[in-house]
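In what follows, a single structure is set out as structure tokens and then discussed.
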Amino acid sequence: MADSAASLAEVETSFQKFAVHGDTKATGKEMNNKNFAKLCKDCRITDGKNVTTTDVDIVFSKVKAKTARVITFEQFKQALAELAPKRFKGKSQEESLQQMHGLIAGKEPANVGVTKVAKAGAVDRLTDTSKYTGSHKERFDDSGKGKGKGGREEMADTSGYVGAYKGSGTYDDKVKEA
């Protein structure tokens, strides 16, 4: 009986972890139907044959209060007691409930199927500035950083001197000598 008490504490810890999963406002004391279904799927209570997702939804609706949308840990234990004989056919109620606790104990919500950033070879190849040619090559410095407007346009010399004048910047020197 001592191992079942420890097992029940682990089940409660798993209940709390699944209860707060995906909900920033959740306290961990109550679980909604979505998280209950996720717990059943992640802990392999739903096997697709004996216990389906429909069974899980029906049991959730049975144990929750009429107007409530969430279940407490006590109601969660009731739900497990209802699902256990279905999941482990041919075993006693107590034995199937212990196996059910064994499935849940120590589990956390899995993040399988969460979208990750795509790292495609095509994107890397297209954004590698060292492979640019022609006029596009002029837009980046040696480190690959863009030059901004200076790399895109021919910047006109607006210093005030005539285009091909060789003595640019010598006016101040001549004025000082005089």
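FYI, it's all coordinate maths here, none of it is from the lab. Values in this document were obtained by computation on a predicted structure and should not be read as measured data. Glycine gets a Cβ as well: all are built from the backbone with ideal geometry, and neighbour counts include every protein chain shown.
Extension gain for residue 10 to residue 62 (0.36 nm times residue separation, less C-alpha to C-alpha distance): 16.3 nm. Bridging of residue 64 to lysines at a Cα separation below 24 Å is possible for 17, 25, 29, 34, 38, 41, 77, 86, 107, once same-chain residues fewer than 8 apart are set aside. Relative protection proxy for 100-109, 23-32, from highest mean packing down: 100-109, 23-32 (other beta-carbon atoms within 10 angstrom). Using the beta-carbon distance between residue 154 and residue 130 and R0 = 22 Å, what value does 1/(1 + (r/R0)^6) give for FRET efficiency, to the nearest 0.05? The value I calculate is 0.40. A Förster distance of 35 Å, applied to the separation of the beta-carbon atoms of residue 176 and residue 143, puts the FRET efficiency at 0.30. Could you name the lysines whose alpha carbon sits less than 24 Å from that of residue 174, not counting residues in the same chain fewer than 8 places away? Straight-line reach from residue 174, under 24 Å: 166. Cross-link reach is defined here as a Cα-Cα straight distance under 30 Å, omitting same-chain residues fewer than 8 places apart; for residue 131 the lysines meeting it are 116, 119, 145, 147, 149.
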